[in-house]
Amino acid sequence: MIKILETESSLGWGGQENRTARLINHLDPTRFRVYVATPKDSELYKRRQEIRAEFFPVEMRKSYSLKAIWQLYKIIKKERIDIVSTHSGKDAWLGVIAARLAGVKAIRTRHLQTPISSPLSYNLHDKVVCVSDFVKEDLAKRGVQKGRLCTIHTGVDVSKYAPHREGILRRELGLREEEILVGIVAVLRGAKGHKLLLEAFAKLSSSTARLVIIGDGPQRENIALIVEQLNLQERVVMLGHREDVAKIMPDLDIFVLPSSMEALGTAILEASACGVAVLGSNVGGIPECVRENGQLFEAGDSDSLVKNLQALINDTSKRKERGAKGRVLVEEEFSVEAMVRKTEGLYLAVEREQ
């Protein structure tokens, strides 16, 4: 039995925390036992009943907290942890120092595309898991030793995200059969490109298209203001955060992710698993998950987005074809099973090196 201690200093709940929870819940329980150290006020801790792990509340306000390092060290020793798995900036330092003091291995997962301030904490880990090849190449350029880097794409639960259109969202919005539903599921942050999508949507010649914005975040008021300024109130609906994304995603005809930076683009994969045609900006790891399932457009270029979006709106057969190919792509390369299989293999390899 290999014992893993996951550390997470982030208080929020997004793709990063979602991936960690998904991985934990799908690991083989006969071979791996998982413990999680995270602040008591984190979303991860609040959702601990949904995650197959033993939780320890550890405050991680600073990356050099001696108290946190001591707490993690005691957990490692008491539970006989084999591998410490870190995720965010603060817990990466705390976790790897505790691991080194306890004489156990440490693995870090890099979930983001944003530039790193220093490669030092990464090079202290035995392995660094990257969610895309783009992230791996970027870290290598910034001084992280290539021998420590590997790619394990984020996996989608294809049993949860599936092309079974129940019509829940379309009924909720009162859509007519001929109306095309375009959607984005993302935290409302500037880097996700909602402003660009709204500008493009305002330029469309089609009057049968509706746009639904799913998600919440710091840019909510600004995005709502842009909707008004572009006179899109009748064509755009902001739904806020939804817990039923997997059920309503198949109702979309087209999914768009116009990010200016993106480590991978998990929402694109979730849409593809639901049989939805996708459009993504040509940045970061997005090209790794947009192939025959959709089309890339130039980041920041609303005219490029309009052109590709209009083409899909006008072509029903192309939307269906790309949606079907997206489902196959996710099943073959981006399933949660593939992510878990590769991660378990990494754990076993690292353990054998001890």
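See the values below:
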{"quantity": "5 angstrom amide H check on residue 238, placed H, neighbours 5+ away", "calculated": "213"}
{"quantity": "Degrees, to the nearest 10: 194-203 long Cα axis against longest axis of the chain", "calculated": "10"}
{"quantity": "Estimated Rh, segment 125-170: Kirkwood, alpha-carbon pairs, angstrom", "calculated": "13.0"}
{"quantity": "Computed E for residue 77/residue 191 - FRET, C-beta separation, R0 30 angstrom, nearest 0.05", "calculated": "0.15"}
{"quantity": "Amide proton proximity set for residue 110, modelled H, under 5 Å, gap of 5+", "calculated": "129, 130, 131"}
{"quantity": "15 Å beta-carbon shell around residue 323, net charge (K/R +1, D/E -1)", "calculated": "+1"}
{"quantity": "Per-residue [θ]222 nm for the chain (sum of -39500 (n - 2.57) over DSSP H runs n ≥ 4, rounded to 500)", "calculated": "-12000 deg cm²/dmol"}
{"quantity": "Extended-chain gain in nm, criterion 0.36 nm per residue less alpha-carbon gap, residue 337 and residue 231", "calculated": "33.7 nm"}
{"quantity": "Three semi-axes of the equivalent ellipsoid, segment 97-238, Cα gyration tensor, whole Å, largest first", "calculated": "42, 19, 13"}
{"quantity": "Accessible area of segment 225-354 belonging to carbon and sulfur atoms, whole % at 1.4 Å probe", "calculated": "46"}
{"quantity": "Mean projected area in nm² (Cα convex hull; one quarter of hull surface) for the chain", "calculated": "17.1"}
{"quantity": "Charge dipole magnitude, Cβ of K and R +1, D and E -1 - segment 109-238, Cα centre, debye nearest 20", "calculated": "500"}
{"quantity": "Under the Debye formula (equal points on every Cα, no solvent term), log10 I(q)/I(0) of segment 205-265 at q = 0.13, 0.17, 0.29 Å⁻¹", "calculated": "-0.42, -0.73, -1.37"}
{"quantity": "Segment 167-257: C-alpha gyration tensor shape, a/c 1.5 cut-off, then a/b vs b/c", "calculated": "oblate"}
{"quantity": "Probe 1.4 Å, protein heavy atoms only - accessible area per residue of segment 1-153 in square angstrom", "calculated": "46"}
{"quantity": "Ordering of 184-190, 25-31 by packing [mean C-beta count within 10 Å, highest first]", "calculated": "184-190, 25-31"}
{"quantity": "Separation between Cα centres of segment 139-176 and segment 234-262, rounded to whole Å", "calculated": "13"}
{"quantity": "Rounded, prolate or oblate (a/c below 1.5 giving rounded, otherwise prolate when a/b exceeds b/c) for segment 256-354 by Cα gyration tensor", "calculated": "oblate"}
{"quantity": "Given charges at beta-carbon only (K, R positive; D, E negative), |dipole| of the chain in Debye", "calculated": "1320"}
{"quantity": "0 to 90° range, to nearest 10: angle between helix 220-229 axis and the chain longest Cα axis", "calculated": "20"}
{"quantity": "Selection from 16, 35, 1 lying farthest towards where the dipole of segment 1-54 points positive, charges on Cβ", "calculated": "1"}
{"quantity": "For segment 185-238, size of Cβ-based charge dipole, Lys and Arg +1, Asp and Glu -1, in debye", "calculated": "160"}
{"quantity": "Diffusion constant of segment 35-83 at 20 °C, which comes from Stokes-Einstein with the Kirkwood Cα-pair radius and 1.002 mPa s, µm²/s", "calculated": "188"}
{"quantity": "Per residue, in Å², the accessible surface of segment 167-254 once ligands and nucleic acids are set aside, probe 1.4 Å", "calculated": "47"}
{"quantity": "From phi via Karplus (6.51, -1.76, 1.60), per-residue ³J(HN,Hα) for segment 20-33 in Hz, x at Gly/Pro", "calculated": "4, 5, 5, 5, 4, 6, 10, 5, 5, x, 7, 10, 9, 10"}
{"quantity": "Virtual spin-label span in nm between residue 324 and residue 168, 7 Å along Cα→Cβ", "calculated": "2.6"}
{"quantity": "Three-way shape label, segment 13-138, alpha-carbon gyration tensor, a/c 1.5", "calculated": "rounded"}
{"quantity": "Qualifying aspartates and glutamates (Cα of each under 15 Å from Cα of residue 325; at least 8 residues distant if same chain)", "calculated": "253, 270, 288, 292, 333"}
{"quantity": "Cα long-axis angle, helix 302-314 against the chain (0 to 90 degrees, to the nearest 10)", "calculated": "70"}
{"quantity": "Calculated FRET value between residue 66 and residue 150, using beta carbons and R₀ = 35 Å, to 0.05", "calculated": "0.65"}
{"quantity": "Residue 329 accessible area, assembled protein chains, probe 1.4 Å, Å²", "calculated": "20"}
{"quantity": "Flagged links, alpha-carbon separation over 32 Å, of 67/342; 40/160; 146/192; 62/195; 77/146", "calculated": "67/342; 62/195"}
{"quantity": "Pairwise FRET efficiency - residue 311 versus residue 120, Cβ, R0 = 56 Å, nearest 0.05", "calculated": "0.75"}
{"quantity": "³J(HN,Hα), Karplus 6.51/-1.76/1.60, whole Hz, each residue of segment 293-300, x for Gly, Pro", "calculated": "7, x, 9, 8, 10, 5, 4, x"}
{"quantity": "From phi via Karplus (6.51, -1.76, 1.60), per-residue ³J(HN,Hα) for segment 182-193 in Hz, x at Gly/Pro", "calculated": "9, x, 9, 10, 6, 4, 7, 10, x, 5, 7, x"}
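The values are calculated or read from the model by the stated rules, or taken from the named source; none is laboratory data. This is a predicted model, so every value here is computed, not measured. When we count neighbours, we look across all protein chains shown, and the Cβ atoms used for this are built from the backbone with ideal geometry, even at glycine. When the accessible area is computed, the model is the full protein with side chains, heavy atoms only, and any ligands, DNA or RNA have been set aside. Shrake-Rupley method; radii C 1.70, N 1.55, O 1.52, S 1.80 Å.
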